[in-house]
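Chemist: Structure below; questions to follow.
Please treat every number below as a calculation from the coordinates, not as lab data. Worth saying up front: this structure is predicted, and the values here are computed from it rather than measured. FYI the Cβ positions are ideal-geometry reconstructions off the backbone, even for glycines, and counts take in every protein chain you see.
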Amino acid sequence: MSAPQTLRRALGPVDLVLLGVGCVVGAGIYILPGVAAAEYAGPAVTLSFLAAGAACGLTGICYAELSTAMPIAGASYSYVSRAFGPGAALWVGWMLTLEFLLAGAAVATGFASYLQSLLRALGHGLPAALIQPSMGSPVGMTGLHANLTAFLSLMLIATALVRGVRESARVNTALVVVKTGVLLVFLGIGIGHVNPTNWSPFLPPSEGGFRFGVPGVLRAASIVVFAYLGFDTVATAAAEARCPARDLPVGLIGTLLASALLYALVSLVLTGLAPFRGLDVPDPVAEAMAAVGYPRIGILLRIGALTGLASVMLVNTYGHSRICFAMARDGLLPGCFMRLHPRHGTPGLGIVLAATLAGLLAALFPIGVLADLVSIGTMVAFSGVALSAMRLRVVAPDMARPFRIPLGGVRAFGLWLGVVPVCALVVSVGTICIVLAGIGQQAASGRPSAALFLLLYLTAGAMLARRQSRRRRGEGADRGP
């Protein structure tokens with residue numbers, strides 16, 4: 001039996017919305033509201049979630065036009081390649097790989113922590129040697145150890161993905177139903193115990209820097225944008241959508257609307273249940289329920305967190321493998337990333353390799369300090385999408401666009417300066433600047449890990465870009481004049 005040469009179109013609009021929600025609603029809703037409220041925005045973290053959702057929505061509209069015009073694997077990487085060529089696309093793909101690698105590792109680490117928390121609540125627990133990363137371990141811990149729990153969780157996810165997109169979508173649907181049901185239980189119980197005095201002041205006065213006030217809300221928005229990462233995975237599924245022109249806009253916008261509503265409600269109830277300064281804990285949702293007399297509901301919330309994190313790992317690994325598929329197709333990564341499974345029609349080896357790389361990061365390193373870098377990778381991709389939408393309106397005006405960006409625009413500087421893509425670009429670049437300022441503050445205060453990691457990663461990207469440039473020049477010389 002010959003191996004299939006194209007990905008199978010098996011996803012409808014509901015599948016795509018659930019795929020997006022599966023990746024978006026996870027660690028962000030169980031962890032980030034507490035951290036962002038306690039450190040930056042107070043109860044106004046709800047505004048930060050809405051602002052981040054609106055910012056992603058601007059880019060989502062650009063994704064909708066490009067994904068329906070070019071329903072192929074690769075999403076932002078493929079759009080930038082068509083609009084600006086392989087050099088620019090390489091950098092977008094490289095930063096997307098950063099996003100997916102770190103996000104996958106961070107979520108797997110969170111999954112392992114929540115699993116340990118649940119097992120301990122039930123009177124059991126995993127050995128510390130199977131849950132602690134090799135680097136940055138607690139003082140006094142010796143012997144061989146690695147977060148093998150996180151690594152193995154990603155390997156199980158990869159196994160499900162290799163079996164096929166249709167089967168993976170069924171698994172994701174089950175996980176989304178469970179985690180959404182648990183969050184609705186939290187909202188149903190919590191809303192009756194909200195203490196309005198916890199919302200006063202709703203926007204705490206500034207304490208300097210990015211701590212509270214309007215700067216704090218903006219800084220919190222740049223952090224909680226991590227909570228929306230994954231909605232663009234819907235665009236990476238373009239090659240597997242049954243009717244891209246109809247299904248992709250529904251999947252993209254539907255994912256953002258559903259996620260933004262859920263985030264806003266959860267963060268509002270959370271800060272109404274407990275004083276916001278005490279929410280900087282690993283499981284703020286469970287802590288808030290305990291504060292109002294429901295400690296046993298914590299077990300249910302931990303189960304919801306585990307299902308949420310599992311669905312995020314599934315969709316994150318899916319998106320990562322499709323980006324690698326597109327880059328391998330263009331010769332930027334080894335061909336093994338685009339080799340399709342002869343039976344299931346999925347890039348099986350690429351899926352396993354993507355999951356393995358993220359799993360190794362989770363097993364060896366504490367990822368939390370690098371979380372900001374995930375947002376940088378995403379905002380670089382978002383900027384590329386906005387610019388590609390503006391460029392392709394000029395260089396490919398006759399391209400069929402079943403969905404078109406609304407509100408119009410003008411042509412200038414070789415671009416179509418549409419209202420929506422320009423706003424998306426400004427927001428994306430502004431978010432990058434805010435995050436870089438935060439990383440700079442961390443380095444100045446003696447925490448240079450994120451800055452050093454970013455520098456090393458960009459250096460590796462520059463080396464890859466130089467190699468590819470030499471290869472293209474060599475191919476041009478071989479073809480002759």
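Chemist: Which value in Å does the Kirkwood hydrodynamic radius of region 13-469 take, with 1/r averaged over all unlike C-alpha pairs and then inverted?
Modeler: Taking every pair of different Cα atoms in region 13-469, averaging 1/r and inverting gives 22.2 Å.
Chemist: Assuming R0 = 35 Å, can you tell me the calculated FRET efficiency for the pair residue 191 and residue 456, based on Cβ-Cβ distance, to the nearest 0.05?
Modeler: Given R0 = 35 Å and the Cβ-Cβ separation, E is 0.15.
Chemist: Tell me, what is the Rg over Rh of region 260-343, with Rh the Kirkwood radius over Cα pairs?
Modeler: On the Cα set of region 260-343, Rg over Rh gives 1.25.
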